[in-house]
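The values are calculated or read from the model by the stated rules, or taken from the named source; none is laboratory data. Just so you know, these numbers come straight off a predicted model, no measurement behind them. With ideal geometry, Cβ positions are generated from the backbone for all residues, glycine too; neighbour counts draw on all protein chains shown. Each accessible area value is taken on the protein alone, full model and side chains, heavy atoms only, with ligands, DNA and RNA left out. Shrake-Rupley method; radii C 1.70, N 1.55, O 1.52, S 1.80 Å.
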Amino acid sequence: MASAALSEAEKVYVVHGVQEDLRVDGRGCEDYRCVEVETDVVSNTSGSARVKLGHTDILVGVKAEMGTPKLEKPNEGYLEFFVDCSANATPEFEGRGGDDLGTEIANTLYRIFNNKSSVDLRTLCISPREHCWILYVDVLLLECGGNLFDAISIAVKAALFNTRIPRVRVLEDEEGSKDIELSDDPYDCIRLSVEHVPCIVTLCKIGCRHVVDATLQEEACSLASLLVSVTSKGVVTCMRKVGKGSLDPESIFEMMESSKRVGKVLHASLQSLLNKEESLGPKRPKVGFLG
């Protein structure tokens with residue numbers, strides 16, 4: 001993961017500021033940086049989104065393809081995640097430098113979506129045990145400026161909201177063989193409900209307090225972080241500690257309560273923004289780097 005080199009004096013400055021609930025950029029401990037979200041940015045995908053959180057830039061594309069349901073879940077489709085850490089994001093990703101981080105992020109996304117309440121995968125089933133939709137979710141890290149997991153989870157939710165899957169019908173002839181008929185209407189499609197899709201809220205322990213949406217400089221001052229997956233109703237679906245440091249039970253409880261408060265606000269703001277952008281229709285101006 002990208003990191004920032006700080007002197008001991010700079011670390012002391014950051015830690016003392018956090019203790020006073022005044023971070024280097026003027027935010028409070030539970031404040032996010034400005035988040036820019038743009039959907040439908042890649043034309044040859046079923047859904048896409050770009051999220052810019054501070055200096056962290058994420059692009060997500062979703063591609064729907066037909067496949068065979070898994071044996072243990074014959075009535076459901078499924079999601080596949082792939083994370084590419086671009087060498088343009090940071091020199092540390094050159095060669096195979098970003099492979100471990102990409103695998104770690106993908107495994108975290110699998111854990112989040114390995115939950116029946118996240119996405120109704122039954123809507124992706126075309127014909128039980130025979131055909132289903134597989135959603136390939138490709139995440140591209142364009143720039144790393146801290147708080148990768150939160151930005152990626154926001155981008156994935158926005159891309160799934162933007163995803164449109166063609167509506168198909170299964171036709172059976174007299175001999176019992178089945179044919180799949182694709183609708184001719186490009187607007188006749190299936191939309192996924194993302195109401196219960198969780199977002200990750202990362203809390204970094206700095207000194208005796210914790211902060212959300214840490215910058216690279218703040219991450220350099222933190223020995224332990226807690227990744228909390230939170231739904232729009234403030235329900236924690238999974239949790240993971242990262243970093244070499246330890247967290248006492250009281251700190252974990254406080255961080256969970258903070259993640260619930262922050263998560264609710266984050267979900268509400270994101271959903272409002274997505275609904276507003278969609279209401280503009282195809283005439284909305286392209287404002288991102290693909291505009």
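Within the stretch 44-66, the set of residues being in contact (Cβ under 8 Å) with a residue 60 or more places away in the chain and out of contact with any helix residue (DSSP H, G or I) (no Cβ under 9 Å at 6 or more places or on another chain) comprises K63, E65, M66. Can you tell me which residue within the stretch 106-137, out of those that are open to solvent by 10 Å² or more (accessible area, probe 1.4 Å) and either touching a helix residue (DSSP H, G or I) at 6+ places or on another chain (Cβ under 6 Å) or modelled with pLDDT of 95 or more (or both), is farthest from E172 (Cα to Cα)? Per the criteria, the residue is Y136. Which pairs do you get when a residue that is closer than 16 Å to Y110 by Cα, found in the stretch 136-158, comes within reach of a residue that is open to solvent by less than 20 Å² (accessible area, probe 1.4 Å) and in a loop (DSSP other than H, G, I, E, B), reach meaning Cβ atoms under 6 angstrom, with the pair 6+ apart or on two chains? These pairs meet every condition: K157/V194; K157/V197. Can you tell me which residue is nearest to E130 (Cα to Cα) among those in the stretch 79-96 that are open to solvent by 40 Å² or more (accessible area, probe 1.4 Å) and in contact (Cβ under 8 Å) with a residue 12 or more places away in the chain? By that ranking, first place goes to E80.
Checking the structure you have, find out if any residue of the stretch 140-161 is open to solvent by 60 Å² or more (accessible area, probe 1.4 Å) and over 30 Å from S251 (Cα atoms).
If we filter the stretch 140-161 for residues that are open to solvent by 60 Å² or more (accessible area, probe 1.4 Å), which is where we start, we get 143.
Restricting the remaining residues to those that are over 30 Å from S251 (Cα atoms) gives 143.
The answer is yes; a qualifying residue exists.
Of all residues in the stretch 1-55, those that are within 26 Å of I206 (Cβ to Cβ), among the hydroxyl-bearing types (S, T, Y), at pLDDT 90 or above and not in a loop (DSSP other than H, G, I, E, B) total 0.
Among the residues of the stretch 224-238, write down those that are in a strand (DSSP E or B) and of a type in the set (S, T, Y). Show your work before the answer.
Kept after step one, since they are in a strand (DSSP E or B), are these residues of the stretch 224-238: 224-230, 236-238.
Scanning the stretch 224-238 gives S225, S229, T237.
Every condition in (1) outside any strand (DSSP E or B); (2) open to solvent by 50 Å² or more (accessible area, probe 1.4 Å); (3) over 17 Å from V265 (Cα atoms) holds for D179 except the one numbered (1). Just to verify a result, which residue in the stretch 239-279, among those that are closer than 22 Å to R33 by Cβ and outside any helix (DSSP H, G or I), is most open to solvent (accessible area, probe 1.4 Å)? The selected residue is G243.
Taking into account only those residues within the stretch 149-176 that are in a strand (DSSP E or B) and aliphatic (A, V, I, L, M), which is nearest to V37 (Cα to Cα)? Step through it out loud before you land on a result.
If we filter the stretch 149-176 for residues that are in a strand (DSSP E or B), which is where we start, we get 164-166, 168-172.
Adding the requirement that they be aliphatic (A, V, I, L, M) leaves 165, 168, 170-171.
Numbers: I165: 21, V168: 31, V170: 37, L171: 40 Å.
Once the filter is applied, the top-ranked residue is I165.
Has the stretch 91-112 got at least one residue that is in a loop (DSSP other than H, G, I, E, B) and among the basic types (K, R)? Checked the stretch 91-112: at least one residue is in a loop (DSSP other than H, G, I, E, B) and among the basic types (K, R). Applying the condition of being in contact with a strand residue (DSSP E or B) (Cβ under 7 Å, 6 or more places away or on another chain) and charged (D, E, K, R) to the stretch 48-78 and asking which residue is surrounded by the fewest Cβ atoms within 10 Å (Cβ to Cβ) yields E65.
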